[in-house]
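The values are calculated or read from the model by the stated rules, or taken from the named source; none is laboratory data. The structure displayed is predicted, hence computed values, not measured ones. Backbone-built Cβ (ideal geometry, glycine too); neighbour counts: all protein chains shown.
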């Protein structure tokens, strides 16, 4: 009986954890992903001195309303951002990066890396 109780509790915990991580999306998230209105931009970012700088930019931009994904690569000095243009503009993303103390540019060809 004791083994059955432990097994039941374990299965309940595993089910709860699985639901938490892999459960259904909320209606708002479903509508946003179905709308297909997300845009992606790639920016050159200079002034980063380490991978921590890149991680800080990523974390800050992911918290902004309208930014769905942010990926910054210190080695290439590039950032890729997926966002909802109805909530945030490209210029607001660039302005936020500059507010953090880095330089950002849309010009991928004529960009001077400043690290």
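Go through segment 65-90 and count every residue that is in contact with a strand residue (DSSP E or B) (Cβ under 8 Å, 6 or more places away or on another chain) and on the phi < 0 side of the Ramachandran plot. First the steps, then the outcome.
Taking segment 65-90 and keeping what is in contact with a strand residue (DSSP E or B) (Cβ under 8 Å, 6 or more places away or on another chain), we get 66-73, 77-85, 88, 90.
Then keep just the ones that are on the phi < 0 side of the Ramachandran plot; that gives 67-73, 78-85, 88, 90.
Here the count works out to 17.
Determine, yes or no, whether residue 16 is exposed (fewer than 10 other Cβ atoms within 10 Å of the Cβ), modelled with pLDDT under 65 and either over 28 Å from residue 87 (Cβ atoms) or over 18 Å from the mean Cα position of the chain (by Cα) (or both). Steps first, please.
On the way: exposed (fewer than 10 other Cβ atoms within 10 Å of the Cβ): no; modelled with pLDDT under 65: yes; either over 28 Å from residue 87 (Cβ atoms) or over 18 Å from the mean Cα position of the chain (by Cα) (or both): yes.
Answer is no for this residue.
Could you list, in sequence order, the residues of segment 47-79 that are loosely packed, with under 14 Cβ neighbours inside 10 Å and part of a strand (DSSP E or B)?
First, the residues of segment 47-79 that are loosely packed, with under 14 Cβ neighbours inside 10 Å: 49-52, 55, 59, 62-63, 65, 69, 75-76.
Within segment 47-79, just 69 meets the criteria.
Restricting to segment 93-105, count the residues that are within 12 Å of residue 41 (Cβ to Cβ) and buried (at least 17 other Cβ atoms within 10 Å of the Cβ). Can you show your working first?
Going residue by residue through segment 93-105, those that are within 12 Å of residue 41 (Cβ to Cβ) are 93-94, 97, 104-105.
Filter once more, so that each one left must be buried (at least 17 other Cβ atoms within 10 Å of the Cβ): 93-94, 97, 104.
Adding up the residues that qualify gives 4.
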